[in-house]
Amino acid sequence: MKASYNWLKEFVDLRLTAEDLAERLLQLGFEVAAIEARGPAFSGVVTGHVLSVEKHPNADRLSLCVVEAGGEKHSVVCGAKNVAAGQKVPLARVGAILPGGLAITRAKIRGVESHGMICSRRELGLGGNGEGIWVMDPSSPSGADVAELLGGTDRILDVELTPNRPDCLSHLGLARELAAFLRLPLKPRPEPKLPAAHGPCAPARVEDERACPRYVGRVFENLSIRPSPAWLAAKLESVGLRPINNLVDITNYLLMDAGQPMHAFDLDALEGGIVVRFARSGEKIAALDEKEYQLSERCLVIADQARPVAIAGIMGGLKTGVTEKTRRAFLESACFDPATVRRGSQLLKLKSDASYRFERGADPEAAGSASLRAAELIVSLCGPDVRMSEPIDLRAAAAAPAPIAVTSARINEILGSDFAADAVEGTLRALGGRLEKQDQTLRLTPPSWRRDLATVWDLAEEVARLAGYESIPYETPSGPLQPSRLLPGQAVAERCRSRLCGLGLAEACNYDFISDKAAAQAGLPGPLVRVMNPISEDYANLRPSLFAGLLRNARLNLNNGARTLRLFELGKSYRLAKDGVVETTQAAGLLLGQRQAHWQAPRGRRLDFYDAKGVVEGLLAAIPGLAWRPFAQASGDSDPFFHPRASLRLFGPKGPLACAGLLHPRAARAWELEREEASLFEVDLDALARLEPPRARFAPFGVFPGSDRDLSFLVDAKTRYGDVEAAVLGAGVAELRAVELVDKFTGPGVPTGKQSLTIRLRLGRDDRTLKDAELSQAAGRVLEELVRKLGAVLRS
């Protein structure tokens, strides 16, 4: 929210610089993002009264004007088409300095001397389109300094407020906080002085009091809609609002002044009385932003007897808005339910200054007081003959706020402070509301604008804020710190994270959401788990897989020049089931690009399926009884991200644990990865957590060297290396420490239908070095098992 320093001073007698004020607001919990200097960049410009306008004797497009300012008459040549006798205009007299350093001097223009310049808003650096002079408010005093009329110099603070403090979304709200913190009195506003009411208000009714607990309205007649006076326009411009006309500007002024959104309807554009109701099926409305909205039956609207005329708490309708032709108006000041306004705003994807406040909770009492102040300003600024009706005030019965009982001792216990009882009482009294004291107990009934105060902990926080956190003594706690034990699922996730990082993968972090567009591109089966009120279309569904985010990460990194990607993510996926939403914790990974250079590896080799499979096997190496199966062998196996003919699923003792494979061509096209040959893996961490964790057993390091024996043999070409390794391990050689595939060859010298394999056996004992005879015996037993199980033939 933008807050004017001068505006705040109307409520509190501030003696601080804007920078010091920003520091105080930060201590209260409100960060000031920026401070902007604002003020007229000109001097010597006064209000002038145009007495006469005549045609220039030597130029058709120029006028010769006589302008009176402060009792002096000035002859001024003017080229604006809209200059006319009787106007109040900004006159830059001789000696005035305009923005950019332009000095006004006497000058002859087509043979006629001009003693000054009649200015436009753009020429004064005040914005606007610059077409024509600035016609000021007729009530502006002649000869008055225009810079002073605009409020002089000011500092604008961009204050960032937390969602729980809607009461501070106004200058009055911030002033209340500063008055309580600085222990300064809040300047009282004089009671509005209103003329006698003429007749009853237009009829109105509220169909749902929960959605609209208070609705205040007044009718005004004999209105004169025109530009706002300079002081009002300047206040709105100082906080970034564009002046429109006097009636609309009054509602916007009170929005920023007191925090109460209001709306004015052109009464002659309404058909019958006002009804606050929910929209009906098929209803539409053209809003003030000149867009048409299809209304949902869950949207609260303000309607007349024929149609909706405003979206309650969000935006008014275009056809019933105030224009320069408006002579009668109905002024609305209401309090709407936060959840109802937020739902309507989300459904229509429409936000406004009003909805921003109502969504967070408006003060129901402000609806009445702001309506009174608005009535006073309308009578004063919208014409000399304005008449107003009796007010209508529709209010739902509400329970009185419950007082919060607390003692200074309890406050100190919560905060770890030692505030005196009088200091605690004074701080709570500064909050407003009603404070009663009985013995040592203080009973605070929170003010209507503090909806966030409900418990003694809330009051303790207020005492800490307003007394200053630096007033609370601090000391380093002593004693042993016991780290909390991880849950089984958390422990598994941490071990996986550590292991995957050790294998050279980098962790990615993505949101748990996926858009409808991305889901359709990937061909994800529906229905997906929908988010009820997504903040954008990109977050419309909960993701059924972690791969959507990883593929997006891959595309982004490739676009930025990456050649190799080894990514993984730990997180949850979501799917619908008969009994609700099922969440699964998973680890997923993606590999693509060139392999890391290694002297043993052929140059130019790319990461492939075997790398993804190897990552999974390295991750789950401690689990016994693992078996890979093709997707086609698992009943009901299908996955939109895995290639159906180039993927495997890994089964453990109690069911499937993981899968690895190539990226499905459809998903590759969706993320423009067709040429990258990406491979994927996925591990079910919940299934891992349900397994009995293997116990680590320490074995002493052997001090005796091992020995290697290579075996080269022929086997059937269809024999898998996994079968070879199983046969070697099945030989029961106690001295075998490891087995490794060294070479695979088919071609010249190898019979058709056969393949030549060379394996390396690593043999050794912990108590001594093996003898040659023992090495040969062990290799012979392995060869016998290969011959028996696979029909292997030793190569000579």
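Okay, here's what the table says:
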read-out: Residue-span extension gain [E297 to R465] - 0.36 nm each, minus C-alpha spacing; value: 56.2 nm
read-out: Q305-V531 FRET efficiency (beta carbon distance; Förster radius 41 Å; 0.05 resolution); value: 0.60
read-out: Flagged links, alpha-carbon separation over 21 Å, of K351/K517; K73/K235; K744/K771; K2/K235; K88/K319; K235/K349; value: K351/K517; K73/K235; K744/K771; K88/K319; K235/K349
read-out: Of all accessible heavy-atom area on the range 179-283, the percent that carbon and sulfur account for (1.4 Å); value: 54 percent
read-out: Cα centroid separation - the range 1-28 against the range 212-268, whole Å; value: 25 Å
read-out: Unit charges at the beta carbon, dipole of the chain: most positive-side option, V386, T719, V615; value: T719
read-out: Accessible area of D60 in the full protein assembly, 1.4 Å probe (Å², nearest 10); value: 130 Å²
read-out: Spin-label pair E148/C509, simplified geometry with 7 Å Cα→Cβ offset, distance in nm; value: 5.8 nm
read-out: The chain, helix-only ellipticity at 222 nm - DSSP H runs n ≥ 4, -39,500 (n - 2.57), divided by all residues, nearest 500; value: -7500 deg cm²/dmol
read-out: Whole-number percent relative contact order across the chain, with pairs defined as alpha carbons under 8 Å at least 6 apart; value: 8 percent
read-out: Area of M1 that stays accessible when all protein chains are in place (1.4 Å probe, Å², to 10); value: 40 Å²
read-out: Computed FRET value (nearest 0.05) for D418 with L186, which takes r as the C-beta separation and R₀ as 22 Å; value: 0.15
read-out: Matching label, log10 I(q)/I(0) by the Debye sum over Cα atoms at q = 0.06, 0.09 Å⁻¹ computed from the structure shown, candidates (1) -0.57, -1.03; (2) -0.66, -1.04; (3) -0.49, -0.97; value: (2)
read-out: Rounded FRET efficiency, nearest 0.05, which uses the C-beta distance separating K325 from E113 and R0 of 56 Å; value: 0.85
read-out: For the range 387-461 and the range 469-513, distance of Cα centres in Å; value: 39 Å
read-out: 1.4 Å probe accessible area per residue over the chain, in Å²; value: 52 Å²
read-out: Heavy-atom accessible surface of the range 503-569: percent carbon and sulfur, 1.4 Å; value: 54 percent
read-out: Where labels lie 7 Å past Cα in the beta-carbon direction, separation of S380 and V742 in nm; value: 10.0 nm
read-out: Principal axis box of the range 366-457, alpha-carbon based, largest edge first, Å; value: 61, 28, 22
read-out: Convex hull volume per residue for the range 84-231, taking Cα atoms only, in Å³; value: 255 Å³
read-out: Cα centre as origin, Lys/Arg/Asp/Glu Cβ charges: the range 649-742 dipole, Debye; value: 320 debye
read-out: Which of R121, R595 is most accessible, then next, and so on - probe 1.4 Å; value: R595, R121
read-out: Simple label model, 7 Å out from Cα along Cβ direction - Q596 to A41, nm; value: 5.7 nm
read-out: The range 607-714: chymotrypsin sites (Phe, Trp or Tyr not before Pro) in DSSP loop, at most 14 other beta carbons within 10 Å; value: F698, F701
read-out: Percent carbon-and-sulfur accessible area, the range 364-448, ignoring ligands, DNA and RNA, probe 1.4 Å; value: 50 percent
read-out: Surface accessible to a 1.4 Å probe, C382 within the full protein complex, Å²; value: 0 Å²
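The values are calculated or read from the model by the stated rules, or taken from the named source; none is laboratory data. Nothing here was measured: the structure is a model prediction, and the numbers come from that model. As a convention, Cβ positions derive from the backbone with ideal geometry for all residues, glycine included, and neighbour counts pool all protein chains shown. Just the protein is used for accessible areas: all its heavy atoms, side chains included, with ligands, DNA and RNA removed. Shrake-Rupley method; radii C 1.70, N 1.55, O 1.52, S 1.80 Å.
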